[in-house]
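Take a look at the structure below.
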Amino acid sequence: MSAVWTSLVAVAGTLLGALTTGLLQRWVSSRAEHVARMQRLEEAASGLADALTDYRGRLYWETRLATRSEQSDGQSDEAQRESWEARSRVNYAINRLRLATRDERILRLAMEARNATFGVQTGTCAPPDARERQFAFLAAVAEAARV
């Protein structure tokens with residue numbers, strides 16, 4: 001009878017050990033996936049913030065060049081081309097962000113930052129307001145990454 005109990009304890013211990021190992025592996029895997037998702041989100045958000053900042057900088061120089069009397073048509077055309085390229089990089093960064101997260105709040109704040117930055121070009125938004133929208137977006141990303 002003692003051998004039966006010993007066998008039952010051994011089988012139960014083996015099963016509990018296998019269950020514990022499986023649960024720990026699942027937890028580690030889930031945690032690694034979460035960390036990878038957060039890294040992708042942070043990289044996409046950083047890329048968008050960089051693109052927004054670059055675009056505002058291009059707009060500043062395009063505007064400054066337009067107000068100078070000694071500008072050439074070539075300089076103006078080059079500044080406008082660079083500005084359009086920077087605007088396209090903002091849209092590319094938005095696309096990467098959409099692939100990195102489904103968080104509606106983050107996506108809404110990203111679109112607000114993008115629209116405010118685009119509003120700088122048309123004069124419907126001041127550069128400091130566009131920067132504040134960008135900072136609000138980055139704060140939301142940082143908050144999501146802390147969870």
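Quick notes on this one:
- Acute angle (nearest 10 degrees) that the helix 104-122 long axis makes with the longest principal axis of the chain, alpha-carbon atoms: 10 degrees
- Principal-axis tilt of helix 127-146 within the chain, Cα atoms, nearest 10 degrees: 10 degrees
- Principal-axis tilt of helix 73-100 within the chain, Cα atoms, nearest 10 degrees: 20 degrees
- Across all Cα atoms of the range 36-146, the radius of gyration (one decimal) and Dmax (whole number) stand at 15.2, 51 Å.
Just so you know, all these numbers are worked out from the coordinates, no wet-lab data involved. All of these numbers come straight from a predicted model, not from anything done at the bench.
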